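The values are calculated or read from the model by the stated rules, or taken from the named source; none is laboratory data. What you are looking at is a predicted structure, and each value in this text was computed from that prediction instead of being measured. Cβ placement follows ideal geometry from the backbone for every residue including glycine, while neighbour counts extend to all protein chains displayed.
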Amino acid sequence: MPDKAAPRTLTLNVEETDNATIVRCRGHLTSGLTDGFHAKIRPMVSYKKRIVLDLSEVVRMDSMGLGTLVGLYTSAKNAGCELQLLKVGDRVKELLGLTNLWDVFVIIGERGVKM
């Protein structure tokens, strides 16, 4: 009998600093889990000036996760909020590169961008 796959989960921990709201994401940013992610982040863009998504512990992201990131980026930009990415893992880097979105997002630690 095959081993059961680990359940797909996404946890978000929000930390406030002097210059940003940091959302530490852990798990899967995939179909079926993106609604909760969007529901947590989207309201913040209307009253925060800067939101940093720490993606270092995102182990999997699919097209729904990528689409949610793009939607949040667009909402943030329209609201005058900076949405930035931090500690982007190799798989997420690959997806951003394949979709030509690498240069759209501000990625802290890349191209001289600092926290």
Search result, residues across region 40-59 that are in contact (Cβ under 8 Å) with a residue 24 or more places away in the chain and either in a helix (DSSP H, G or I) or touching a helix residue (DSSP H, G or I) at 6+ places or on another chain (Cβ under 7 Å) (or both): K40, I41, R42, M44, V45, S46, I51, L55, V58
Residues within region 21-36 that are modelled with pLDDT under 95 and closer than 19 Å to C81 by Cα, tallied: 0
Residue within region 23-36 that is more than 18 Å from L10 (Cα to Cα), over 11 Å from the mean Cα position of the chain (by Cα) and either buried (at least 18 other Cβ atoms within 10 Å of the Cβ) or of a type outside the set (D, E, K, R) (or both) present: no
Any chance L55 is in contact with a strand residue (DSSP E or B) (Cβ under 9 Å, 6 or more places away or on another chain), modelled with pLDDT of 90 or more, surrounded by 13 or more Cβ atoms within 10 Å (Cβ to Cβ) and not aromatic (F, W, Y): yes
Pairs where the first residue, in region 8-30, is touching a residue at least 40 places away in the same chain (Cβ under 8 Å) and the second is surrounded by 18 or more Cβ atoms within 10 Å (Cβ to Cβ) and among the acidic types (D, E), C-beta under 8 Å, 6+ apart: I22/D54
Residue ID - surrounded by the most Cβ atoms within 10 Å (Cβ to Cβ), chosen from residues in region 41-52 that are under 21 Å from T9 (Cα atoms) and touching a strand residue (DSSP E or B) at 6+ places or on another chain (Cβ under 7 Å): I41
Residues within region 75-115 that are among the polar types (S, T, N, Q), surrounded by 13 or more Cβ atoms within 10 Å (Cβ to Cβ) and at pLDDT 95 or above, tallied: 2
Residues located in region 65-115, provided they are outside any loop (DSSP other than H, G, I, E, B), in contact with a Phe, Trp or Tyr (Cβ under 9 Å, 6 or more places away or on another chain) and within 17 Å of I22 (Cβ to Cβ): L69, L72, Y73, L83, Q84, L85
